[in-house]
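Asker: Below: one structure in structure tokens.
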Amino acid sequence: MNLRPARGAGTLYLCGLGPQPERTATVQTLQALASCDAVYYEGAKDQLEPLLHRYCRDVRPAGPSSSKGIEGRVRRGETIGLVAPGIPLAFGDLAAGLLTRCRHEGLSVHCLAAMSHADMLLAHTGDVLGYELGGVSIIDHAALAGAADLNAGHPLFVALSPAGRPAALRRDLERFYSPEHPCRIFSPAGGLTGTFPLRALADRPLDAASALILPARRRR
Amino acid sequence: MIRPERGFCPELEAAIAAARGPAKGIIQRALPRLARMEYWDAENDLREALRVEPSSALAAGVLGLTLTLAGKGAPARPWLDRAVRRAPRRAWPYALRAAAFRKWKRLEAASRDLARAATLEPSVALLALRADLLLEIDDAAGALGCLDRALRLDGAHTPLLVARAGLNAELGRWRLVLKDLGRASALRPNDPVLLIRKAEALRRLGLWEEAEYALTRALNLDPADEAARRTRLALRLRRPGRRGAREDARHLLAKGSPEARAEAAFELGYLELASGASDKAAPLFRNAAALPGASAALIHRAEFYAALCLGLTPGFNRPRRSRAARAGLRILGLGLAPPYTVTLETVRALSDCDVMFDNIGDEEVSRFLAVFRREVRPLRYDRLPQPERVRAYERELFAEIRAGRSPAFVTRGNAMVFGVFARSFIRRCRRLGVGWRALGAVSCVDLLAAMTAPDLRAGTGGIQGLVSTELASLVGLDTRQPLLVFPYGGIPHGQVLAVQRALERFYPASHECRVYGSRYNQPPLSLPLSELAARFPSMDSMLDLYVPPLTRQ
């Protein structure tokens, strides 16, 4: 993949930096950011700015109001990066809106692959997806709340959001799992917690950088 | 292309010289006109020759060739056939007709005629022509056979020696390549191109000193020979210590073509990086990317290394002091597009091991790994069946661990997604109580998620990945999330239908899905789910099936 944008044509890079950006960012993503006129980020300033400043001088936090500014700069021919911890698929509203509008305007948009929580967890536990697990579903809380059905026969990863509401999450999960279903929390920094029943989820502090892990519902 | 040195068909020339009939003079008048592409004049001459000597096979054959070259295929064929009928025991009519068949792209027929010609009158020219033709129809073994026969007739034929060396090089037979190039080089000791090719063969055989000597000889013959200097630079960069590489790079930077200068600037950056000076290397890479001769590929590579340098601290590749703290096995994936998708923590882990087992075997990855100045053991067991390959790697890896060293198993993608090796190594580590550490990496799931995200109207909020064998027992599925199906180990012939039927329980038959191949460097094939089994009776492990979300298409 050639990351260099064509001269004069605006480009938007949507990049994930993985669960722990200073460790899990790929060099390919950082290479793309180094070609940007400005990089906007969603996430913790103290976590992201020191890393991003090494690759781009113009680094700014992104908010809901950044959308028009980013789009305008891309339209004027600038190369802009929008980054967040995690993977590009789990776009927030800002990225999803920008993606739609830029494509509608015929502007160039590239999504770069990033490592996910699931990749990190597999490495942490030593389980191999194709053998021990057979598959996996990765979902965020909003999508879970709207899901009519779920593959509970394989492990489920729920990506936790900054505005995580444990009681609501528990309620949404109990549509598919019993209150006694075992859960664990995986934090990229702290690893895996011990097992606890789903009904006890509300008592657990949920960190935005973590994921909730539910093993398969029935014994495989 | 294999070309004999002494004319298209010496047998034809000899036949014309030996001819006695009244047409001989007219044919001889036509030949220079034919060579000057004055086809109309040549045709008139040859028709005149046939009027004065209607039975002349030579006039008929050369007229057929003339008409062929003039683009008149249909009228040419009867004259060529007549030449063959009139002189069936001579090689030249078959050679002329073969030339016409080749022009008409009837390569098999051309090959048959040339085979017949070479049987009747074996000659270097005919065998070389046939070898060239066989290469065009991808019959390398046949071409090699022809060259062997031609070289038995004339063992000092340099172009054929070089051609045979080229074919053997494609087959990886470097000893035979060296033998032919050695003979060719002895016949033409001052040919720098031969010396460069010989150096490549010597390098492939691990004869580094001799390879460098051959290139230095080429440079002594012509110090301005850019190809020889670039090859020597590439060779010196691969040698332990990289002695003399900097001088060659500087020479090319000062005196080379724009392309060579950009490449040399990149290599100077690489040399700084390999010496541990990542801070000094970054501007050199940026400079290489900005030079006017830099190709798109070089710019991409240089910008990657510039970004890599910013993630490293100077001295990153120095040997570590404390071994005890880092003993154990590392399992490191470089992501699905190595080395570009390597993560920063994997880069650090590469700095922290003693020996790397490179399971990727790609030239670009090998160069990337070499900057860490650790022992890199290349892919050795790729020809073994998988169980033996795993055992062979295990033997080597655990021998290193027993010796108190920390080996790293380096592979493509994420070793933990479908890693046969990772699974086996971790089990053994656990059994033996040996420390291990695996790091996550960009996997096929991540890459497909990024590739397909722009097609979705918004974020889906998730993704599902399943091994194809799991589909049959699936009870529930969130069809609003994209689904990736991995035919891990491949789906045998006839069993794709079961996968299709399992998916049709959740998706309508008309639901469009995509099959991605060769790890996604090619565009996917889109097809309705109902056609999956018909289009793919079996699926190999390099294919992945992507099922887009049902309500968001």
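Asker: Residue-wise, which Karplus ³J(HN,Hα) couplings in Hz belong to segment B:29-44, taking 6.51 cos²θ - 1.76 cosθ + 1.60, θ = phi - 60°, and x for glycine or proline?
Answerer: 6, 6, 4, x, 5, 5, 5, 8, 6, 8, 5, 5, 5, 5, 4, 4
Asker: Take the Cα atoms of the protein assembly as shown, find their three principal axes, and give me the spread along each one in whole Å, biggest first.
Answerer: 111, 61, 59
Asker: So if I average 1/r over every pair of distinct C-alpha atoms in segment B:24-96 and take the inverse, what Kirkwood radius in Å does that give? Walk me through the numbers before you get to the answer.
Answerer: On the way: mean 1/r = 0.0850 Å⁻¹.
Computed over segment B:24-96, the radius equals 11.8 Å.
Asker: Follow-up. Relative to the longest principal Cα axis of chain A, at what angle does helix A:66-75 sit, 0 to 90 degrees, rounded to 10?
Answerer: Roughly 40 degrees between the two axes.
Asker: Can you bin every Cα-Cα distance in chain A into 10 Å intervals starting at zero and give me the percent of pairs per bin, rounded to whole numbers?
Answerer: In whole percents, the pair-distance histogram is 8, 32, 31, 20, 9, 1.
Asker: If each DSSP helix of 4+ residues adds -39,500 (n - 2.57) and the sum is divided by the residues in chain A, what number results at 222 nm, nearest 500 deg cm²/dmol? Let's see the in-between values first.
Answerer: Details: 8 runs with 66 residues, N = 220.
Dividing the helical sum by the residues of chain A leaves -8000 deg cm²/dmol.
Asker: Under 16 Å from a point placed 7 Å out from the Cα of residue B:55 along the Cα-to-Cβ direction: which residues of segment B:10-48 have their backbone N that close?
Answerer: In segment B:10-48, the label zone of residue B:55 (backbone N under 16 Å from the point 7 Å along Cα→Cβ) covers B:19-24.
Asker: Continuing with the same structure: Evaluate Rg over Rh across chain B, taking Cα atoms for both radii and Kirkwood's formula for Rh. Intermediate results must be reported in sequence, preceding the final value.
Answerer: Numbers: Rg = 31.4 Å, Rh = 28.9 Å.
Checking Rg against Rh, the ratio lands at 1.09.
Asker: Given H placed 1.01 Å from N in the peptide plane, which residues other than close sequence neighbours of residue B:376 have an amide H under 5 Å from its amide H?
Answerer: Residues meeting the criterion, in which the H sits 1.01 Å from N, are B:356.
Asker: For the protein assembly as shown, give the magnitude of the charge dipole about the Cα centre (Cβ charges: +1 Lys/Arg, -1 Asp/Glu; no others), in debye to the nearest 20. Write out the running numbers ahead of the final one.
Answerer: On the way: 109 positive and 79 negative charges, 314 e Å.
Roughly 1500 debye for the protein assembly as shown.
Asker: Also: Per residue, how big is the convex hull of segment B:121-188 when only Cα atoms are used? Give it in Å³.
Answerer: Working: hull volume 4.8 nm³, N = 68.
Each residue corresponds to 70 Å³ of Cα convex hull volume.
Asker: Across 10 Å bins from the origin, how do the percents of Cα pairs in segment A:77-176 run, short distances first?
Answerer: 12, 36, 33, 16, 3
Asker: Related question: Using alpha-carbon positions, what is the distance between the centroids of segment B:157-209 and segment A:99-156, in Å?
Answerer: Answer, in whole Å: 52.
Asker: Taking the alpha-carbon set of segment B:279-398, what are its Rg and Dmax in Å?
Answerer: My reading of the Cα-based Rg and Dmax gives 16.2, 50 Å.
Asker: Taking only DSSP H segments of four or more residues, each worth -39500 (n - 2.57), what value at 222 nm results for chain B once the sum is divided by all its residues, to the nearest 500 deg cm²/dmol?
Answerer: Values: 26 runs with 311 residues, N = 553.
Result for chain B: -17500 deg cm²/dmol, rounded to the nearest 500.
Asker: Would you please state which residues of segment B:193-221 a label at residue B:243 would reach in this model, taking the label point 7 Å out along Cα→Cβ and a backbone N cut-off of under 20 Å?
Answerer: The answer is B:199-200, B:202-220.
Asker: Now, a different point. On C-alpha positions alone, give me the angle between the axis of helix B:57-69 and the longest principal axis of chain B, in degrees, nearest 10.
Answerer: 40 degrees
Asker: Further question: Show me the three semi-axes of the equivalent ellipsoid for segment B:1-129, from the C-alpha gyration tensor (sqrt of 5 times each eigenvalue), largest first, rounded to whole Å. Intermediate results must be reported in sequence, preceding the final value.
Answerer: On the way: eigenvalues 90, 51, 40 Å².
Ellipsoid semi-axes (Å, largest first): 21, 16, 14.
Asker: Spin-label point model (7 Å from Cα, Cβ direction): what's the residue B:152 to residue B:531 distance in nm?
Answerer: Calculated label separation equals 5.3 nm.
Asker: How are the C-alpha pair distances of segment B:89-232 spread across 10 Å bins, as whole percents from the shortest bin up?
Answerer: Answer for segment B:89-232: a P(r) of 13, 34, 27, 18, 8, 0 percent.
Asker: Note the angle between two axes, namely the Cα long axis of helix B:386-402 and the longest principal axis of the Cα atoms of chain B, as a number of degrees from 0 to 90, rounded to the nearest 10.
Answerer: For helix B:386-402, the angle is close to 50 degrees.
Asker: With a Förster radius of 51 Å, plug the Cβ-Cβ distance of residue A:167 and residue B:388 into 1/(1 + (r/R0)^6) and report the FRET value to the nearest 0.05.
Answerer: Values: r = 54 Å, r/R0 = 1.06.
Taking R0 as 51 Å, the efficiency between residue A:167 and residue B:388 is 0.40.
Asker: So, one more: Mind checking Rg over Rh on segment B:331-469, alpha carbons, Kirkwood formula for Rh? Could the numbers behind the result be given before it?
Answerer: On the way: Rg = 16.2 Å, Rh = 16.1 Å.
Result: Rg/Rh = 1.01.
Asker: While we're here: In a Gaussian network model over chain A where Cα atoms closer than 10 Å are linked, find which of A:193, A:26, A:79 has the largest mean-square fluctuation.
Answerer: A:193
Asker: Listing A:15, A:36, B:9 from the residue with the fewest other Cβ atoms within 10 Å to the one with the most, what is the order? Spell out each step's value before the answer.
Answerer: Working: A:15 28, A:36 25, B:9 22.
Least to most surrounded, the residues fall as B:9, A:36, A:15.
Asker: Along segment B:70-85, what does the Karplus equation 6.51 cos²θ - 1.76 cosθ + 1.60 (θ = phi - 60°) give for ³J(HN,Hα), rounded to whole Hz, x for Gly and Pro?
Answerer: Karplus values, whole Hz, x for Gly and Pro: 7, x, 9, x, 4, x, 6, 4, x, 5, 5, 5, 5, 4, 5, 5.
Asker: For the modelled label position 7 Å from the Cα of residue A:22 along Cα-to-Cβ, which residues of segment B:287-316 have backbone nitrogen atoms closer than 15 Å?
Answerer: B:311-313
Asker: Jot down the per residue volume, in cubic angstrom and as a whole number, of the convex hull over the alpha-carbon atoms of segment B:185-303.
Answerer: Details: hull volume 11.7 nm³, N = 119.
Cα convex hull per residue, to the nearest whole number: 98 Å³.
Since every read-out is calculated from the coordinates, none of them should be taken as a lab result. Remember, it's a predicted structure, so these values are computed and weren't measured experimentally. Glycine gets a Cβ as well: all are built from the backbone with ideal geometry, and neighbour counts include every protein chain shown.
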